[in-house]
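These notes are about the structure you will find just below.
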Amino acid sequence: MEAINPDRRGPLTTERGSTHKRIMPATLLAVLLAGLLPAPGTTARPARPAPRTRTISVPETLADTRPLPARRSTARLSFAATHIAFSWKGDEGTGIRYRVVGSEGAGPWRKAPESDDMHTEKQHVSTVIQVSRALSVRYRPVTPRDKNIREIKLDYLNTLDGPRTERTIPIVARAGADTPSIITRAEWGADESLKRTSGRCKRNFYPVQQLFVHHTAGKNNDGNPAATMRAIYWFHVVRQGWCDIGYNFVISWDGRVYEGRWARRYQPWEVHNSENLSGRAVAGAHVAGFNSGSVGISLMGNFQTAGLPEAMRSALVRLLAWEADRHNLPPRGTHIYRNPDTGTTRRLPYIAGHRDAGQTSCPGGNVYRKLSGIRRATARRIGVGKPATQTALRAEPARVDYGQQATVTGTLKDENGTPLSGRSVTIYRRPGRSRWQMVGSPVTGVDGSFSFTFVAERHSTLRAVFFDAPDAWGSQSPNVRVRVRHTVTLQATGGTPDAAGKVVYPMGTQSVPLQGSGAPVQPGATIKVQVNRIESDGTLTKLVLADATLASDGTFEYLFPVPGQTATTSYRAVARYPGDTRHVWGRSPPIDFIVTS
């Protein structure tokens, strides 16, 4: 966790310690070339689509803060607490001993575990401590000889029993074989009104060059990790004043992976990977001076006192393998971490414990001593590895007439720019502001190219997604926009066409019928009709800009009153169909007509 300026960030450069070779077995390659396996992708790491939404009930987090005297006392709580935390100012070596009192009596005296990776020289904070609906807290300061303590505060929370709110949340895609299932912020009940994402809290994203392992130093074998996630979140944001929860991911005792810091809004087919569409990770607040370009993974528990359970270890290895392979980090290698913004450089293992980059016991001795084996297990899980991919998409053209065909084209390549052929790419389209729809699955050609054509009826946003496959990681293109024009026609009727195709009206004509059509049909829509006089030098003089109304059959008519004239006069008319939220304005081809003298 970060002590001073938790969200300090800077652009990073990456130095690879060794080449991470990715060689595809010949048998797998042959199968892929035969087109029998689905295809991969790059940065947002999509997984297969899922149903749209479900409803969950989330309790409001109840929170209060109680100033405490710097002497032994009892704090009576205004509601039963599920989590508590202490903070204080004092010399090194000071601390708090406490016991909680609930409906079934008082618990044992314990020393509040200090989060030594969150305190400054004089400001101390404990970890978030899970308690069993405490009604009061007895405490006494720990002050060794010649040590002083002051400004003690008790934060207490209830993340289980507050008023409940029904939330409709998206059901996110479930992960493939090599991608961890991640419980999203919506699923664990994050109150998104707490986080800040503007000003100094604006999210910054950097290429991933470092993985850090932490522990929360809280309760072991936590029976309700989602409730503890809500408590940690509150403590980081409200008590510590951070922008958001500090970690990118948190792993519970039973091996479930929780999304930490908010990165962006994800689409239903995406895994919440703490990255932007370019595969850069959001900078968190977990290692002071090393947040930019690093991913912080915290284990829920205190591993100074407990051993690492197998379910948690397996989940950690899988998560590390996923991160390391996608970002080409050799799990057993070392490198020079570089942060040009702060000038920080340090040689680190690609998979490091927090203590490798800070003055802290984190992630606890019982985890830190196992990191070498965890790195080996991560490397074994990756094996030969899978390449990342790049999916590109463009619209040609980006503006089309209503009802006409629009085409998007793209390419699929691996991280080295080699085209991937015979691969299925999924096209998603979002008409206007409606939901995304899966609309096609073109297959790439020998040059990695693909295309998709559709009938354009309203503005649409499209994205191409290449899903994770056994031989490569998934990717998706940036959005492309196809804008749709209203179509409108116009003609002059009742005259006689001449050899040049201009409609001629005899002397004495008092009005010229101008008729046309507009699409899409929106009865009652206004069509603007403009008539200009063509001067002898070819310039135009506007005579009239009139409104015509679109009928239910999509037609309109305007009767142009011919002004008095003494010589044969040429006119040019054009009709415009104004734009709306679904379409941009369209214009008819100009038409010329002549009234003789």
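Here are a few things to note about the model shown:
- Extension gain (nm, one decimal) between Lys122 and Gln510, 0.36 nm per residue minus Cα-Cα: 130.3 nm
- Modelled FRET efficiency - R0 30 Å, Gln437 with Arg399, Cβ distances, 0.05 increments: 0.90
- The stretch between Leu559 and Ser597 holds 11.7 nm of extra length on full extension. This uses 0.36 nm per residue minus the Cα-Cα distance.
- Which of Met229, Met507, Met312 has the fewest Cβ neighbours within 10 Å, and the rest in rising order: Met507, Met312, Met229
- Entry note, region 59-158: relative contact order of 49 percent, from Cα contacts under 8 Å with a spacing of 6+ residues.
- Label-to-label distance, nm, for residues given as Arg572 and Leu540 (7 Å Cα→Cβ offset): 0.5 nm
- Over the chain, relative contact order from alpha-carbon pairs under 8 Å, at least 6 apart, %: 15 percent
- Arg110 paired with Asn479, simple spin-label distance in nm, labels 7 Å along Cα-to-beta-carbon: 4.7 nm
- Extension gain, Ser451 back to Phe79 (0.36 nm per residue minus Cα-Cα distance, nm): 127.9 nm
- Semi-axis lengths (Å, descending) of the ellipsoid that matches the C-alpha gyration tensor of the chain: 64, 31, 20
- Remark: the Cα gyration tensor places region 296-379 in the oblate category, a/c being 1.5 or greater and a/b not exceeding b/c.
- Per-residue ³J(HN,Hα) for region 132-143, Karplus 6.51 cos²θ - 1.76 cosθ + 1.60, θ = phi - 60°, Hz, x for Gly and Pro: 9, 6, 5, 9, 8, 10, 8, 8, 8, x, 9, 9
- Filter on Lys502/Lys528; Lys122/Lys195; Lys202/Lys386; Lys219/Lys370; Lys370/Lys413 - keep pairs with C-alpha separation over 31 Å: Lys202/Lys386; Lys370/Lys413
- Diffusion constant of region 118-241 at 4 °C, which comes from Stokes-Einstein with the Kirkwood Cα-pair radius and 1.567 mPa s, µm²/s: 71 µm²/s
- Stokes-Einstein diffusion of region 347-420 at 20 °C, 1.002 mPa s viscosity, Kirkwood radius from Cα pairs, rounded to a whole number: 125 µm²/s.
- Taking only the Cα atoms of region 389-485, the radius of gyration and Dmax are 13.3, 42 Å.
- Per residue, the chain reaches -2500 deg cm²/dmol at 222 nm when only DSSP H runs of four or more residues are counted, each adding -39500 (n - 2.57).
- Region 487-595: C-alpha gyration tensor shape, a/c 1.5 cut-off, then a/b vs b/c: prolate
- Axis angle, to the nearest 10 degrees, between helix 310-326 and the longest C-alpha principal axis of the chain: 40 degrees.
- Cysteines without a disulfide-compatible neighbour (Cβ-Cβ under 4.7 Å), the chain: Cys362
- Region 471-484 - phi-based ³J(HN,Hα) in whole Hz, Karplus 6.51/-1.76/1.60, Gly and Pro as x: 10, 7, 8, x, 8, 9, 7, x, 5, 10, 10, 10, 9, 10
- Converting the Cα gyration tensor eigenvalues of region 67-162 into ellipsoid dimensions via √(5λ) gives semi-axes, longest first, of 23, 14, 11 Å.
- Crossing angle, helix 371-382 versus the chain [Cα axis fit, 0-90 degrees, rounded to tens]: 30 degrees
- Across region 267-308, the residues whose backbone nitrogen lies under 18 Å from the label position 7 Å along the beta-carbon direction of Ile169 are 267-275.
- Applying 1/(1 + (r/R0)^6) with r as the Cβ-Cβ distance of Asp146 and Asn416 and R0 = 60 angstrom yields a FRET efficiency of 0.40.
- Label reach from Thr342 (point 7 Å along Cα→C-beta): in region 274-318, amide nitrogens under 11 Å belong to 284-294.
- Pair Asp191, Asp161: separation of 7 Å Cα→Cβ label points (nm): 1.7 nm
- Overall dimensions of region 322-367 as given by Cα atoms, namely Rg and Dmax in Å: 12.1, 34
- Mean separation of Cα contacts under 8 Å, 6 or more apart, over the residue count of region 82-233: relative contact order %: 29 percent
- Take the chain and mark each of the GluC sites (Glu not before Pro) that is in a DSSP loop with at most 15 other Cβ atoms within 10 Å; the longest unmarked stretch, sites excluded, is 193-534.
- Mean projected area in nm² (Cα convex hull; one quarter of hull surface) for region 225-335: 8.3 nm²
- Straight-line reach from Lys542: taking Cα to Cα under 18 Å and skipping same-chain neighbours fewer than 8 places apart, the aspartates and glutamates in range are Asp592.
- Residues of region 556-583 with amide N under 18 Å of the 7 Å Cα→Cβ point at Arg533: 560-574
Bear in mind these aren't lab numbers, they're just calculated from the coordinates by the rules spelled out. In this text the structure is predicted, and so the values were computed from the model without any measurement. Reconstructed Cβ throughout: ideal geometry from the backbone, glycine too, with neighbour counts over all protein chains shown.
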